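> Here you go, one structure.
The values are calculated or read from the model by the stated rules, or taken from the named source; none is laboratory data. Computed from a predicted model, the values in this text were never measured in an experiment. Because the Cβ atoms are built from the backbone with ideal geometry, glycine has one as well, and the counts that use them run over all protein chains shown. Surface accessibility is based on the protein's heavy atoms, side chains included, excluding ligands, DNA and RNA. Shrake-Rupley method; radii C 1.70, N 1.55, O 1.52, S 1.80 Å.
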Amino acid sequence: MTPPRATMRLQLHRDFTFADATKLVPYMARLGVSHLYSSPILTARAGSMHGYDVTDPTQVSPELGGEEGLRHLVAALHSAGLGLVVDIVPNHMAAGGMENPWWADVLRRGRDSHYAGFFDIDWDCADPELRGKVLAPFLGEPYGDALRSGSLNLVGDGGEPLIAYYDNRFPLRPEDHAAIATASAHAFDPKTEMGRNRLHDLLERQHYRLAWWRTAGDSINWRRFFDINGLAGLRIEDAAVFEATHATLFRLYQEGLIDGLRVDHVDGLADPPGYCRRLRARLQELAPEQRPWLVVEKILGAGEHLPDGWEVDGTSGYDFMDQVSALLHAQAGEEPLRRFWSEISGRPADFDVEETTARSDVLTRSFAAQLEAVVTPLHGIALADVATRDVTRASIRRALTGLLTHFPVYRSYGHEQRSDALIAAVAGAMHDVAPGDRGTLARLERWLGVEATPEVAVRFQQLSAPLAAKAVEDTAYYRYGVLLSRNEVGADVRRFSETSAEFHADCLERLRCFPDAMLATATHDHKRGEDVRARLAALSEIPDEWASAVHRWFAMNHVHRREGPMPAAGDEAMLYQMVVGAWPLADGDLGAYTERLAGWQLKALREAKLATDWTAPNLEYEDAARSFLYSIMSDAGFVADARAFADRISPAGAVNGLAQTLLKLTVPGVPDFYQGAEFWDLSLVDPDNRCMVDFPSRIAALGEGRSPVELAAGWRDGRVKQAVIHRALALRREQPELFARGRYIPLKVSGALADHVVAFARSHKGVQCVVVVPRLCAALSASLLPGADANDDLKVSCWQDTMLHAPDELAGRTLHNRLTHAHITVAEAVPVATILKMFPVALLAN
């Protein structure tokens, strides 16, 4: 197998199954992708809309159509010349009651269960109440309340006796079955005091302890996925667990049904490099004649690179998404936007302040128990040496908290990176911890670094990664509103923009190290769609105009602020960004758009954890914020003004979107297209970004076969973006080696607007292509997009004396613009106005 030329990601669930995906195979083939990239396909919780909550890894999901449905899909893919890449979830499985048979057996049999070692459970934790037991934080109320109210019941229904809590069921020890069977019908009735006592005594004998879900952060003795009680961490480093969880996937791969894998949340594993190498080796063993495509979901910190030696083809593309987004932002806009944000919101202009605070908040709220799991072995190290035995557990906890609030990456790999990360974290924490704990902090640098035991190293890394995800992406990003287009999964918010030279350097590095890495611009986890980000990027070019608009709207909408709790200024300011950033390009139902915004608003407020929270919702504040949104979106004056501003920046957003799309299609790497993003992607955070896609309209548009130039005048409907994708994918299909292994040659641009152009060539064995796209085009977009009050004279004049300088190997060649059908003879210097005369971006090939 060769790496994919391009992939299309589809979200599979009970309402969009293998059968539905099969119907799209002709469309995907005609569009030009080489592989379907699917969400997880193994059996997950009933009704799961994503598949990451696997309950049975031994079978293909019946809700999706089972293995028979999968085989029909793969047969259709193969018939059309396509393959299948599957998302897999080695880090965790669903936890709760009976739905996951492996988890249920652990609850039933405790440490004697065959699956006791499958899950990352601390059977010997410090809490004496939980030794030999599993905390089961699955009650919606305190345990005592559930017992008194009768919400907990013993049920049998003629089969195995179970504990019922509403729709949930929990197993009982086999040793208790006989006594239950001979007891009277009312022996465990919670309506009577005697029955309640018996039921409580029965529950106390179990291998688990039922508890209120809010106790988990402080008391849980098993590793979760982030802070989600319903997802239990797997010990995938154990060979038996590895084989059991991957057996079905391995069989499907060996039979040729699967061509590649995307590994979800690799940072959660005990040994990510070891896992990746084992996975690669196992797949090679199963099919020696093939080389599977393997990419990993890995968030890279500032200046961080995917380590060598993992035996993977690269990341799943968040790093590229960050790079191409930064390229579209104007550095000159950072300082005025930061200043404006701080003034209007009263919050810090420095993201470091927000991140440090968020890390501290989240560590205290959600990861206290996991923090203790790291403190315990560290304290053991201290006690083992007479020189450090007076370093107290409390001091270690305080110092470790300070270190984690400043840890600069998700987790570190290798001695050198671990040392650098620890040095940076300790340096930052020295300013925060009390003077009396600074000696402890210095010792932690050694105990977590060169002197780290395997247990300490793993526990620390499995805490630092989820803490970073929850504190940075799921908290600080919702508190910091300088420009929301930079607050994205995998983004480095501290880097506001990227120059063309820096972007070229990123592409050259990817070609050298991971030429087959995935390139993403939209995912099932993104916080706003790729074209929302592209539109909001235009605000970096007009910061003063944006500040004036927001001040105007604050004054205009003051009438909608009532007495009592109302949205904080920061929440209101971020709302205005989303209103204009995602404003639909086609006239439609304003009420439906308002409801979408309300869904985003609720999630944003709760993720920020300032006025409200998922764990303790402030319903009064949430109602007030929602009422404010409904009021302003019913105000004709505000709606007209907001729509006019959205119209003002939408052409620039569209040009940015086309530039972003063509870059993804032509730089080193494998472009991925998230379902539906072939048209403009103005989606919001999930679940909005996982809604059903109108594929019939996309199929019809592709069937018309119209060129990008023909569709440019009607750019608002999104068909022009699909046409660019189709043309570029056709070239990738004609010249796969050009894009897979061809040289990447940055091209010099000169003239007054040189900084507004990104240009490069790809070359391989006499085959070349040249890509030219604009950037920072808020002032130019009306001259670039047909239908945006422009004419050909304006298109030419807007570029003034800007020239593209070609290398000698291209001189004298006549190249065909695949997007316009124009032909250009390459000279030493070519006017950019000539190249972009008919269309905002260019793809020239011989």
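> How about region 586-614: which of its residues are modelled with pLDDT under 95 and open to solvent by less than 60 Å² (accessible area, probe 1.4 Å)?
none
> Can we say residue 499 is over 30 Å from residue 763 (Cβ atoms) and either open to solvent by less than 20 Å² (accessible area, probe 1.4 Å) or of a type outside the set (Gly, Ala, Ser) (or both)? Let's see the steps before the verdict.
Numbers: over 30 Å from residue 763 (Cβ atoms): no; either open to solvent by less than 20 Å² (accessible area, probe 1.4 Å) or of a type outside the set (Gly, Ala, Ser) (or both): yes.
No.
Conditions tested, residue by residue: (1) on the phi > 0 side of the Ramachandran plot; (2) modelled with pLDDT of 95 or more; (3) crowded, with 19+ Cβ neighbours inside 10 Å.
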| position | (1), (2), (3) |
| --- | --- |
| 632 | no, yes, yes |
| 637 | no, yes, no |
| 642 | no, yes, yes |
| 665 | no, yes, yes |
| 677 | no, yes, yes |
| 718 | yes, yes, yes |
| 722 | no, yes, yes |
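> Could you list, ordered by first residue, the pairs with Cβ atoms under 7 Å in which the first is in region 181-203 and closer than 15 Å to residue 162 by Cα and the second is of a type in the set (D, E, K, R), at least 6 apart or interchain?
187/198; 188/198; 190/196; 202/176
> Which of the residues that make up region 813-827 are open to solvent by 10 Å² or more (accessible area, probe 1.4 Å) and either at pLDDT below 90 or not in a loop (DSSP other than H, G, I, E, B) (or both)? Give the steps one after another, and end with the answer.
At the first step, the residues of region 813-827 found to be open to solvent by 10 Å² or more (accessible area, probe 1.4 Å) are 813-814, 816, 818, 820-827.
Selection gives 814, 816, 821, 823, 824, 825.
> Among 442, 425, 476, which is without any contact (Cβ under 8 Å) to a residue 24 or more places away in the chain, among the hydrophobic types (A, V, I, L, M, F, W, C) and buried (at least 17 other Cβ atoms within 10 Å of the Cβ)?
Values: 442 fails: buried (at least 17 other Cβ atoms within 10 Å of the Cβ); 476 fails: without any contact (Cβ under 8 Å) to a residue 24 or more places away in the chain.
Only one candidate passes the filter, namely 425.
> Return yes when residue 464 is modelled with pLDDT of 95 or more, hydroxyl-bearing (Ser, Thr, Tyr), touching a Phe, Trp or Tyr at 6+ places or on another chain (Cβ under 7 Å) and crowded, with 21+ Cβ neighbours inside 10 Å and no when it is not.
Values: modelled with pLDDT of 95 or more: yes; hydroxyl-bearing (Ser, Thr, Tyr): yes; touching a Phe, Trp or Tyr at 6+ places or on another chain (Cβ under 7 Å): yes; crowded, with 21+ Cβ neighbours inside 10 Å: yes.
Answer is yes for this residue.
Yes or no, residue by residue, for (1) in contact with a Lys or Arg (Cβ under 7 Å, 6 or more places away or on another chain); (2) farther than 23 Å from residue 514 by Cα; (3) buried (at least 19 other Cβ atoms within 10 Å of the Cβ):
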| site | (1), (2), (3) |
| --- | --- |
| 299 | no, no, yes |
| 307 | no, no, no |
| 311 | yes, no, no |
| 316 | yes, no, yes |
| 322 | no, no, yes |
| 327 | yes, no, yes |
| 331 | no, yes, no |
| 339 | no, yes, no |
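> Of everything in region 510-536 that's under 14 Å from residue 317 (Cα atoms) and of a type in the set (D, E, K, R), which residue is most open to solvent (accessible area, probe 1.4 Å)?
Ranking the qualifying residues of region 510-536, first place goes to 525.
> Restricting to region 160-194, name every residue that is β-branched (Val, Ile, Thr) and within 15 Å of residue 208 (Cα to Cα).
Restricting attention to region 160-194, the residues satisfying the condition of being β-branched (Val, Ile, Thr) are 163, 180, 182, 192.
Once the filter is applied, which keeps residues that are β-branched (Val, Ile, Thr) and within 15 Å of residue 208 (Cα to Cα), region 160-194 yields only 163.
> When the residues of region 683-706 are narrowed to those that are open to solvent by less than 30 Å² (accessible area, probe 1.4 Å) and outside any helix (DSSP H, G or I), which ends up nearest to residue 819 (Cα to Cα)?
For region 683-706, the residue satisfying everything is 683.
> Next question, about the same structure. Kindly provide the set of residues from region 341-356 that are surrounded by fewer than 20 Cβ atoms within 10 Å (Cβ to Cβ), touching a residue at least 24 places away in the same chain (Cβ under 8 Å) and assigned to a helix (DSSP H, G or I), ordered by number.
344, 352
> Of the conditions (1) open to solvent by less than 40 Å² (accessible area, probe 1.4 Å); (2) out of contact with any helix residue (DSSP H, G or I) (no Cβ under 6 Å at 6 or more places or on another chain); (3) outside any loop (DSSP other than H, G, I, E, B), residue 290 satisfies every one except a single condition; which number is it?
Tallying (1) open to solvent by less than 40 Å² (accessible area, probe 1.4 Å); (2) out of contact with any helix residue (DSSP H, G or I) (no Cβ under 6 Å at 6 or more places or on another chain); (3) outside any loop (DSSP other than H, G, I, E, B), residue 290 fails exactly one: (3).
> Scan the strands (runs of 3 or more DSSP E) fully inside region 90-156 and keep the ones with 3 or more residues being touching a residue at least 12 places away in the same chain (Cβ under 8 Å) and open to solvent by 50 Å² or more (accessible area, probe 1.4 Å).
Working: elements: 92-94, 134-139, 152-155.
Qualifying strands (runs of 3 or more DSSP E): none found.
> Let me spell it out: the conditions are (1) in a strand (DSSP E or B); (2) open to solvent by 20 Å² or more (accessible area, probe 1.4 Å); (3) not small (Gly, Ala, Ser), and residue 57 meets all of them except one. Which number is the exception?
(2)
> Just a yes or no: is a residue in region 616-623 under 24 Å from residue 532 (Cβ atoms) and of a type in the set (A, V, I, L, M)?
Within region 616-623, none of the residues are under 24 Å from residue 532 (Cβ atoms) and of a type in the set (A, V, I, L, M).
> Across region 742-764, what is the total count of residues that are of a type in the set (D, E, K, R) and either surrounded by 18 or more Cβ atoms within 10 Å (Cβ to Cβ) or not in a strand (DSSP E or B) (or both)?
Taking region 742-764 as the starting set, the residues that turn out to be of a type in the set (D, E, K, R) are 743, 748, 755, 762.
With the extra rule that they be either surrounded by 18 or more Cβ atoms within 10 Å (Cβ to Cβ) or not in a strand (DSSP E or B) (or both), the set shrinks to 755, 762.
Of the residues in region 742-764, 2 are of a type in the set (D, E, K, R) and either surrounded by 18 or more Cβ atoms within 10 Å (Cβ to Cβ) or not in a strand (DSSP E or B) (or both).
> Just checking: which of the helices (runs of 4 or more DSSP H) contained wholly in region 177-278 hold 1 or more residues that are in contact with a Lys or Arg (Cβ under 7 Å, 6 or more places away or on another chain), buried (at least 20 other Cβ atoms within 10 Å of the Cβ) and of a type in the set (Gly, Ala, Ser)? Full working, then the answer.
Values: elements: 177-182, 193-204, 216-219, 239-254.
Result: 216-219.
> Go through region 157-173 and report how many residues are of a type outside the set (Gly, Ala, Ser) and open to solvent by 50 Å² or more (accessible area, probe 1.4 Å).
Final tally of qualifying residues: 6.
> Test each condition in (1) among the β-branched types (Val, Ile, Thr); (2) part of a helix (DSSP H, G or I); (3) within 27 Å of the chain's Cα centre (by Cα) for residue 709 and report the one that comes out false.
Among (1) among the β-branched types (Val, Ile, Thr); (2) part of a helix (DSSP H, G or I); (3) within 27 Å of the chain's Cα centre (by Cα), residue 709 violates only (3).
> Considering only residues that are open to solvent by less than 10 Å² (accessible area, probe 1.4 Å), touching a Gly at 6+ places or on another chain (Cβ under 8 Å) and closer than 20 Å to residue 294 by Cβ, which ones fall in region 1-24?
Selection gives 4, 6.
> Among all residue pairs at least 6 apart or on different chains, which show Cβ distances below 9 Å where the first residue, located in region 756-773, is more than 16 Å from residue 806 (Cβ to Cβ) and the second is aromatic (Phe, Trp, Tyr) and open to solvent by less than 10 Å² (accessible area, probe 1.4 Å)?
Within 9 Å, the pairs are 756/799; 764/739.
> Output yes when any residue across region 428-443 is on the phi > 0 side of the Ramachandran plot and part of a helix (DSSP H, G or I), and no when none is. Give the derivation first.
Here is the first cut: in region 428-443, the residues on the phi > 0 side of the Ramachandran plot are none.
The answer is no, given that none of the residues of region 428-443 is on the phi > 0 side of the Ramachandran plot and part of a helix (DSSP H, G or I).
> Check every one of the helices (runs of 4 or more DSSP H) wholly within region 485-571 and list those with 3 or more residues that are in contact (Cβ under 8 Å) with a residue 12 or more places away in the chain and more than 22 Å from the chain's Cα centre (by Cα). Give the steps one after another, and end with the answer.
On the way: elements: 500-513, 530-537, 543-556.
Ranges flagged: 500-513, 543-556.
> With the requirement that a residue be farther than 20 Å from residue 109 by Cα and in contact (Cβ under 8 Å) with a residue 12 or more places away in the chain, what does region 166-180 give you?
Initial filter on region 166-180 (farther than 20 Å from residue 109 by Cα): 166-167.
Listed by number, the list holds a single entry, 166.
> Anything in region 300-334 that is touching a helix residue (DSSP H, G or I) at 6+ places or on another chain (Cβ under 7 Å), among the aliphatic types (A, V, I, L, M) and at pLDDT below 95? List them, or say none.
Within region 300-334, 300 is the sole residue that qualifies.
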